[in-house]
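Structure record follows, encoded as structure tokens.
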Amino acid sequence: MPFLSRHRTEHRGRRPLAPWRYRIAGLAAAALALSFIQANAGNAAGDRTFQPGPKAAADVVRVAEFLAECPYTHRAPDDPIVLPNLPGASHMHSFFGNDSTNAHSDLASLEKAGTSCAPTTDLSSYWVPTLYDGDKEVEPTGTTFYYLGEGVRDDIIRTIKPFPRGLRIVAGNAKAAGPDDNTISRWSCLHHGEVNPSHDFVNCPAGSMMESYLDFPQCWNGTDLDSADHKSHMAYPVGGACPSTHPVPVPKLRQVLRYPVNGDPARFRLASGRGYTMHGDFFNVWPEAEMAQRVRDCINAIIKCGADGTP
């Protein structure tokens, strides 16, 4: 009986498990394995929640744009582009962005100052004639400066160059004698498209806000940072392309200001006159690398970016 003898030796000192105990041990092991799998799946789901992947191509908005939000900083009767080094010689202006702008401002002084802009890398200075409701100054509560590719063909958008550092531009006509006198600006009502836009002030419904839109020229002569009239070194596109006299396409700067006023437009005036005298001044103080990155990744790529320069 060699087989029986060997079997007794192998189990000496312990009793074999009953069949029902084998079943319980198996079920416990299966339950432990299942809980381990679920825990790992939960951790993976958590990782997906807190570490999102890159934005899907379908989520990218195909608009050539980046922007800066630059709230109001101060008022002064100064204009360092049109009337440099002559403090008090201008009509009243409302300034946005660079917080040091005055009659003596130049590129060096502006580069050392602070800014109200988001992103804070934009040290540029933007200014417009102050708006009055009767004799009370009114400052805009919405101050967005868009940098756009629109206005030229898509193939030209892909060749747009950054603004040169120190570029100065004036857009609009401060001396306009009427709404059709070579004025570029337009007025409208926030969220009230039933009110037709106009070169002069518009009558906005109660609870609305009056908006000012102004597009700057986007074709540069490639040489001058300014000109005698502060306009001739720049031009607007013709037929979706830049004219041969101004062959370098640059971003279109669109100034959008929202004023907390509405009602009878007869109450309103600008420091320069009626609504059609609205004009804007721009002194470019973007760091070259920051501007170049946004032009490349947002405008040339025809992608809508936020203030941080990303989609």
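Worth a mention:
- Taken over region 260-308, residues that are out of contact with any Pro (no Cβ under 7 Å at 6 or more places or on another chain) and of a type in the set (Gly, Ala, Ser) amount to 8.
- Lone unmet requirement of (1) open to solvent by less than 20 Å² (accessible area, probe 1.4 Å); (2) within 28 Å of SER188 (Cα to Cα) for ARG254: (1)
- Given (1) of a type in the set (S, T, N, Q); (2) out of contact with any Cys (no Cβ under 7 Å at 6 or more places or on another chain); (3) open to solvent by less than 30 Å² (accessible area, probe 1.4 Å), index of the condition THR223 fails: (3)
- Residue match in region 166-184 (condition: β-branched (Val, Ile, Thr), in contact with a helix residue (DSSP H, G or I) (Cβ under 8 Å, 6 or more places away or on another chain) and at pLDDT 95 or above): no
- Selection of first residues in region 98-125 that are under 18 Å from GLU290 (Cβ atoms) and of second residues that are exposed (fewer than 15 other Cβ atoms within 10 Å of the Cβ) and of a type in the set (Val, Ile, Thr), restricted to Cβ pairs under 9 Å at least 6 apart or on distinct chains, gives the following pairs, ordered by first then second residue: GLY114/THR120.
- Condition met for LYS231 (in contact with an Asp or Glu (Cβ under 9 Å, 6 or more places away or on another chain) and either open to solvent by 60 Å² or more (accessible area, probe 1.4 Å) or closer than 19 Å to ASP155 by Cα (or both)): no
- The set of residues from region 149-165 being open to solvent by 50 Å² or more (accessible area, probe 1.4 Å) and either modelled with pLDDT under 95 or more than 26 Å from SER105 (Cβ to Cβ) (or both) comprises GLU150, ARG153, ASP154, ASP155, ARG158, THR159.
- Candidates PHE36, PHE66 - the one that is at pLDDT 95 or above and either surrounded by 15 or more Cβ atoms within 10 Å (Cβ to Cβ) or not in a loop (DSSP other than H, G, I, E, B) (or both): PHE66
- Any hit, region 277-293, residues being over 29 Å from ALA108 (Cβ atoms), in contact with a strand residue (DSSP E or B) (Cβ under 9 Å, 6 or more places away or on another chain), open to solvent by less than 10 Å² (accessible area, probe 1.4 Å) and at pLDDT 95 or above: yes
- Enumeration of residues in region 171-204 that are at positive phi and open to solvent by 50 Å² or more (accessible area, probe 1.4 Å): ASN182, HIS191
- Strands (runs of 3 or more DSSP E) enclosed by region 104-148 - at least 3 residues per element that are surrounded by 14 or more Cβ atoms within 10 Å (Cβ to Cβ): 125-129, 131-133, 142-148
- Selected residue (criterion: surrounded by the most Cβ atoms within 10 Å (Cβ to Cβ)) from residues of region 89-102 that are part of a loop (DSSP other than H, G, I, E, B) and touching a Ser or Thr at 6+ places or on another chain (Cβ under 8 Å): THR101
The values are calculated or read from the model by the stated rules, or taken from the named source; none is laboratory data. Because the structure is a prediction, the values reported are computed rather than measured. Positions of Cβ are generated from backbone atoms using ideal geometry, with glycine treated the same way; all protein chains shown enter the neighbour counts. Ligands, DNA and RNA are excluded from the accessible area calculation, which covers all protein heavy atoms including side chains. Shrake-Rupley method; radii C 1.70, N 1.55, O 1.52, S 1.80 Å.
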